[in-house]
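The values are calculated or read from the model by the stated rules, or taken from the named source; none is laboratory data. Keep in mind that what you see is a predicted model, and the values were worked out from it rather than measured. Counting neighbours? That spans all protein chains shown, and the Cβs are built from the backbone with ideal geometry, glycine included.
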Amino acid sequence: MRRVIFYIGVVYLLLNTGCTKTITSSTQQNKEVLKPNIIFVYFDDLGFGDIGVNGADKNLKTPHLDALALGGINFKNGYATSATCTPSRYAAFTGQYPWRKNAQILPGSAPMLIDTTQVTLPKMLQSAGYTTGIIGKWHLGLGTNDKDWNRPIYPGPNEVGFDLSYILAATQDRVPTVYIEDGNVVNLDPNDPIEINYKENFDGQPTGKSHPELTSMKWHHGHNASIINGIPRIGYMKGGKSATWSDIDMADHFLAKVKSFIVENANGEKPFFLTYTMQQPHVPRTPHPRFVGKSGMGPRGDVIIEADWCIGELMKTIRQQGIEENTLIILSSDNGPVLNDGYYDEAVELLGQHDPNGGLRGGKYSLFDAGAHVPFITYWKGKIQPSTSDALVCQVDLFASLADLVGSHQKAQDSENVMDAFLGKSSEGRESLILEASTKTSYRKGDYVLIPAYKGKKVNKKVNIELGNSPEMALYNLKLDPSQKKNIAEDNPELVKTLYNEYLIKRGI
Ligand code: NG6
Ligand code: CA
């Protein structure tokens, strides 16, 4: 009888969602298995408070992000694993905590960090029948240490589960400043080969340090090596002129690729998984001229408005293809916000009343909450009822959650299945989470976060962010004290002991 009801249910869904070719049944559990298209939108350095629904200033209008949050689930306790990019991305794509791999911010010349034998999110989805693609920032290393950028570069995203990759290797502020499609530098002229060096400059090349008069954007700290498009970068690059990207066109460029990926795969035999890793609002912030001045907050605000427009275009494409009700969108950011991350771009001076942290303490690089506590939204028209959620969820959980959704039995070491929270069927997420900032870790459990004692600077003065280092262990109740104003460790010795012991065990120390 239950089986009959199940099949009636499937027929109902087939008629009502347009998911015709994507619903199958898992007979063992009589569990409905759905294979919608999945789009993971991953921002770079977007703070919890940088979107309208989370309290952004009225001048920083993000109507398209707000519409997703209001039409889906806006998570109030959504996390990256880390306060910087590479480790967070590593966890999102592998379902493994980044400190197990010692993942830290990589130079643009770094070799591939993910082992090609590892389980990965895109590989899992490939084996569940998905066409997979990544468009945007990568920052997980490419090829080998002695790679030649003028030949096919592998391993890269394609070797760890992406059928298509169209990426920038590391960050917008790091060389090489070129796009790489399926392992090949785009538009490369063989007569003008690319050379990359992160240790020393090539003879006679001007740098941000030696020739500041040649730059149109001034460096504040770091970012004083090769000058490309007037912007001094991290690392030295020679050649590759025809392949060099245009910074102000980057948002449009990636968006065009995203649109064609969706159009090509929207109504094919297989569902698709697209990772759209946006470069905004990471430095250098280079809005297209049509967005310049839109926020009144300088380039940082303008590129957030630009990125929001891109989300609007993404949704337009999805609607035009008639797949909105068969597409799950998960949106988040790789780490928390930073204002001055190495260039003079008036992010501090023009901030006004806006609080990128949304009231949280710290920021990018920090063990305090704003380091990894980021915007986190799930949206699936007709399937997810609009709400907000307090469930504790993390990007490391994408693997187990999406495996559950698509009926895969693959597992990843640290990934927990929080699919019911992602779909709004449950207000429970994970119980606890280990968070990381520059190799240092903290332990979140329920409403509490325990930050062990760490040596090191209290504040990174260059970026003006409190790092969370302290000679004393710290305990905060984030529900009662989201700004982490009061360390309650001394008042709660038993709780500290219990949490610290749990932390040590989970951390394997
Ligand atoms: C830092 C850079 C910063 C940014 C960061 C990576 C300097 C002084 N600072 O080393 O500008 O590029 O690395 O950011 O070079 S992330 O979001 O990719 O982790
Ligand atoms: Ca980042």
Exercise. Could you tell me which residue of segment 68-100 is farthest from ligand 2 (Cβ to nearest atom), considering only residues that are polar (S, T, N, Q) and assigned to a helix (DSSP H, G or I)?
Key: Thr94
Practice problem: Taking the residues in segment 296-338 that are outside any helix (DSSP H, G or I) and within 15 Å of ligand 1 (Cβ to nearest atom) as candidates, determine which candidate is nearest to Val263 (Cα to Cα). | Solution: Ser332
Practice problem: Please find, within segment 95-142, the residue that is nearest to Glu181 (Cα to Cα) out of those that are aliphatic (A, V, I, L, M) and over 17 Å from the mean Cα position of the chain (by Cα). | Solution: Leu142
Quiz item: Mind checking which residues of segment 42-67 are away from ligand 1 (no atom under 16 Å from the Cβ), within 20 Å of the chain's Cα centre (by Cα) and outside any helix (DSSP H, G or I)?
Solution: Ile51, Ala56, Thr62
Practice problem: Looking at (1) over 18 Å from Val338 (Cα atoms); (2) more than 16 Å from ligand 2 (Cβ to nearest atom); (3) within 18 Å of the chain's Cα centre (by Cα), find the lone condition where Ile305 falls short. | Solution: (1)
Practice problem: Taking the options Leu60, Leu65, Leu46, name whichever one is within 14 Å of ligand 2 (Cβ to nearest atom), within 23 Å of Arg285 (Cβ to Cβ) and of a type in the set (A, V, I, L, M, F, W, C). | Solution: Leu46
Quiz item: What are the pairs, 6+ residues apart or on separate chains, where a residue within segment 199-222 that is aliphatic (A, V, I, L, M) has its Cβ under 6 Å from a residue that is away from ligand 1 (no atom under 14 Å from the Cβ)?
Solution: Leu214/Pro206; Leu214/Ile227
Exercise. Answer yes if at least one residue in segment 155-170 is on the phi > 0 side of the Ramachandran plot, in contact (Cβ under 8 Å) with a residue 24 or more places away in the chain and in contact with a Gly (Cβ under 9 Å, 6 or more places away or on another chain), and no otherwise.
Key: no
Practice problem: Show the residue pairs that are 6+ apart or on different chains and have beta-carbon atoms under 7 Å apart, the first residue being within segment 440-462 and in contact (Cβ under 8 Å) with a residue 40 or more places away in the chain, the second being within 16 Å of ligand 1 (Cβ to nearest atom) and of a type outside the set (A, V, I, L, M). | Solution: Thr441/Trp99; Tyr454/Lys440; Asn460/Tyr365; Lys462/His221
Self-check item: Matching residues in segment 224-271 - criterion: being in contact with a strand residue (DSSP E or B) (Cβ under 8 Å, 6 or more places away or on another chain), without any contact (Cβ under 8 Å) to a residue 60 or more places away in the chain, farther than 16 Å from Leu168 by Cβ and surrounded by fewer than 22 Cβ atoms within 10 Å (Cβ to Cβ)
Solution: Asn224, Lys238, Gly239
Quiz item: Do we have Asn417 as part of a loop (DSSP other than H, G, I, E, B), away from ligand 1 (no atom under 16 Å from the Cβ) and either β-branched (Val, Ile, Thr) or outside the structural domain of Pro122 (by the TED database) (or both) here?
Solution: no
Quiz item: Does Val418 meet the test of being of a type in the set (Val, Ile, Thr) and within 20 Å of Tyr476 (Cβ to Cβ)?
Solution: no
Quiz item: Name the residues in segment 453-469 that are assigned to a strand (DSSP E or B), within 16 Å of ligand 2 (Cβ to nearest atom) and not polar (S, T, N, Q), would you?
Solution: Ile465
Practice problem: Pick out the one residue from Leu504, Leu475, Leu499, Leu450 that is buried (at least 19 other Cβ atoms within 10 Å of the Cβ) and part of a helix (DSSP H, G or I). | Solution: Leu499
Quiz item: For segment 339-357, does any single residue satisfy the condition of being polar (S, T, N, Q), modelled with pLDDT of 95 or more and within 13 Å of ligand 1 (Cβ to nearest atom)?
Solution: yes
Quiz prompt | Elements of type strands (runs of 3 or more DSSP E) contained in segment 134-207, each with 1 or more residues being within 16 Å of ligand 2 (Cβ to nearest atom) | solution = 164-168
Self-check item: Lone qualifier among Ala91, Ala67, Ala83 - being farther than 25 Å from Pro271 by Cβ and either free of Cβ contacts under 8 Å to residues at least 40 places away in the same chain or aliphatic (A, V, I, L, M) (or both)
Solution: Ala83
Quiz item: Any chance segment 382-394 includes a residue that's assigned by the TED database to the domain that holds Tyr97, polar (S, T, N, Q) and either under 18 Å from the mean Cα position of the chain (by Cα) or closer than 22 Å to Met124 by Cα (or both)?
Solution: no
Self-check item: Any hit, segment 338-351, residues being among the hydroxyl-bearing types (Ser, Thr, Tyr) and within 16 Å of ligand 2 (Cβ to nearest atom)
Solution: yes
Practice problem: Filter segment 226-274 down to residues that are within 26 Å of the chain's Cα centre (by Cα) and small (Gly, Ala, Ser), then give me how many there are. | Solution: 7
Self-check item: Number of the condition not met by Leu405 [criteria: (1) assigned by the TED database to the domain that holds Pro337; (2) under 22 Å from Asn335 (Cα atoms); (3) surrounded by 19 or more Cβ atoms within 10 Å (Cβ to Cβ)]
Solution: (2)
